[in-house]
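Here the structure comes first, spelled out in structure tokens, and everything after it is commentary.
Derivation of every value follows stated rules applied to the coordinates shown; laboratory data play no part. The structure presented is a predicted model; accordingly, all values stated were derived computationally and were not measured.
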């Protein structure tokens, strides 16, 4: 009858419900002793007679009264409904994703290539950071913000999917990409500010050196996780020629030392991804290191439900009075 969230302010009053069976027994004994007012020599002629509606309803008023008394006892016991829940407070982390989209990112040592593999893994990372503000900066020869910091991850993912090689003139301006991300995130009020830089090359464009950009990041308390992408040895890279797409073998090399220094001086970490699985595990590791802080506060709200039982009891007593003074009225 009651859920686990219902409690009684005066539970000892419920013992009074034990009088209900005694009242039923008393009523049954009382009616059993009633004798007819008229005597007949034979009642055989009444055997086929059916009970009237008045006879069928004769006991209803008393049982309405019993039910009303039971409801009044429950009302006096003061049933209370406790609705509980949780208030969740989050301290979001602001994350700027910095992605290299230069021609070397088309190398096919990842499947289908480095750029598409990175996009797939970063998309999974974004989907798992539901309370964080995330932005996207892309770079090759130049750098620009593809998406500013936002919690609308649906918009971010759509803009991210549109990223492709050729959006910017070819080159590798790591310093510009990092500086652009720092500029986007430096004014953030978040408790934690993070840049995840992914590249497969060495800085060869732009007016800002990667180490200079890292120093600026450190000044603003921004951690940089640097990810170097590329297997060891030579890799196939597609090149557009007048004869169509041709493949060239190129050494898989990039400036690991600079990436390590960038991560170290900002309090982040450096990782090297040599295949799709390793890249995915790196983002999973960063995800674990940069978990959003969640504070949970439990609450309980009390509602008094006694008036519902009191109202039902009142309606039953009114129904009893109406029946006793109308269709079931006794003749004096």
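Worth a mention:
- For region 93-291: rounded, prolate or oblate by the Cα gyration tensor [a/c cutoff 1.5]: prolate
- Angstrom value of the Kirkwood radius, inverse mean 1/r, which spans all Cα pairs in region 178-245: 14.5 Å
- Kirkwood hydrodynamic radius of region 122-180, from the reciprocal of the average inverse Cα-Cα distance over all distinct pairs: 12.1 Å.
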